[in-house]
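The values are calculated or read from the model by the stated rules, or taken from the named source; none is laboratory data. The shown structure was predicted, so the numbers you read here are calculated from the model rather than taken from an experiment. So basically every Cβ, Gly included, is an ideal-geometry build from the backbone, and we count neighbours across all protein chains shown. These area figures cover heavy atoms from the full protein model, side chains too; ligands, DNA and RNA do not enter into them. Shrake-Rupley method; radii C 1.70, N 1.55, O 1.52, S 1.80 Å.
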Amino acid sequence: MVKVAVLGAAGGIGQPLSLLLKQNTLISHLALYDLVNVPGVAADLSHINTPSKVTAHLGSDNLKDALVDAHVVVIPAGVPRKPGMTRDDLFKINAGIVRDLATAASKYCPKAFMLIISNPVNSTVPIVAEVFKKAGVYDPKRLFGVSTLDVVRASRFVSEVSAELNPVDTRVTVIGGHSEKFTQEQIDALTHRIQFGGDEVVKAKDGAGSATLSMAYAGARFAIHILEASVGGKSGIIEPTYVDLLSDPSNDIKALTGCDYFATNVELGPDGVQKVHPVGQLSDYEKKLLEACVVELKGSIKKGIDFVNTDSKM
Ligand code: NAD
Ligand code: LMR
């Protein structure tokens, strides 16, 4: 039995993500959890003629049943941005939501692969790690911040600028990618668009939320790759993801950045993180961007860690 639990399954991301997961034949049980509307979502999806069974779990009294025996837990629960907000503005609400869901997961499915979508991911992933540490069940190789949407966007945007590239198989390493093909003007424009892709959607949705459909696509791609690498026994799967660098014995990225968590290419294996790839050769332009990002990233990581250890009552 391969059970996948989606927490926040009735939301803008949760619904299409669950639809995409319903199509995957490695999954035998899709457990959908939310505080609202989830029985309808589950009933609807359960009519699709793929092998997996779909169950609905409404409200916190039913969270345990959603989690017990889960192989993968995907968390898109929480509030999205409105125009003018930063992802960090979501911390106030989402930090507590993610902490409480992680507390239940640490109790009922401590060995599950935890895939965190709720923003701000740079802080919510350390929150999950701290909760699992407190419960004495933490394995850094099984915790992932889903940053796939950034590379999905990058593949698409780069292929729009370079007509000979097919977006489906264009791999863009967001840090340290090859950029000789482009002029400096194109690099500036692409860098900005990839960094602020989320704002493009928030602005276009005009108060109705942030990316949901492209995120569902990206989240399903990542979840399916985890399943293929673990229960599917497939080797050589590399996906960019935000991970705890305790899972990296080489210590390369920690030495380069001083950060405890980082998003980079990760080879996935039966136990989760198999190999954390270094960021690769950086141009001077990329080195400057890296320097600027680590300052903010360190602050976001500390904020997540402090939330669990000092600010909140567990
Ligand atoms: P949404 O409001 O449409 O859906 C969120 C769902 O979570 C709702 O159904 C809500 O009922 C549910 N929920 C809230 N509290 C819950 C709890 N305690 N337990 C279970 N369910 C709960 O929002 P959305 O557009 O789906 O976005 C969800 C989150 O994903 C946001 O934080 C958003 O910023 C983030 N996001 C991340 C990425 C990324 O790249 N990682 C991309 C897009 C969005
Ligand atoms: C994104 O990049 O689309 C997400 O992080 C959601 C957001 O707030 O922009």
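For S210, the requirement of being more than 14 Å from ligand 2 (Cβ to nearest atom) and part of a loop (DSSP other than H, G, I, E, B) is not met. Of the residues making up the range 197-248, those that are more than 24 Å from A77 (Cα to Cα), crowded, with 16+ Cβ neighbours inside 10 Å and touching a Gly at 6+ places or on another chain (Cβ under 8 Å) are A229, S230, S247. Consider the range 60-110 and keep the residues that are of a type in the set (G, A, S) and within 16 Å of ligand 2 (Cβ to nearest atom). The one that is surrounded by the fewest Cβ atoms within 10 Å (Cβ to Cβ) is G84. The criterion of being closer than 20 Å to P16 by Cβ and either hydroxyl-bearing (S, T, Y) or in contact with a helix residue (DSSP H, G or I) (Cβ under 8 Å, 6 or more places away or on another chain) (or both) holds for V74. Taking the range 16-91 and the strands (runs of 3 or more DSSP E) fully enclosed by it, the elements with 1 or more residues that are under 23 Å from G209 (Cβ atoms) and among the aromatic types (F, W, Y) are at 29-34.
Looking at G219, G258, G197, just one residue is under 19 Å from N122 (Cα atoms) and modelled with pLDDT under 95, and that residue is G197. Please give the number of the condition K302 fails out of (1) within 20 Å of the chain's Cα centre (by Cα); (2) open to solvent by less than 40 Å² (accessible area, probe 1.4 Å). All conditions are met except number (2).
Restricting D139, D88, D69 to residues that are among the acidic types (D, E), touching a residue at least 40 places away in the same chain (Cβ under 8 Å), within 14 Å of ligand 1 (Cβ to nearest atom) and out of contact with any Leu (no Cβ under 7 Å at 6 or more places or on another chain) narrows the list to D88. Taken as a whole, the condition of being among the β-branched types (V, I, T) and within 13 Å of ligand 1 (Cβ to nearest atom) applies to V36. Determine which member of the set E185, E228 is away from ligand 2 (no atom under 14 Å from the Cβ), more than 18 Å from N122 (Cβ to Cβ) and without any contact (Cβ under 8 Å) to a residue 24 or more places away in the chain. Unique residue meeting the criteria: E185. One residue stands out among those in the range 142-159 that are touching a Leu at 6+ places or on another chain (Cβ under 7 Å) and within 16 Å of ligand 2 (Cβ to nearest atom): the one that is modelled with the lowest pLDDT, which is F157.
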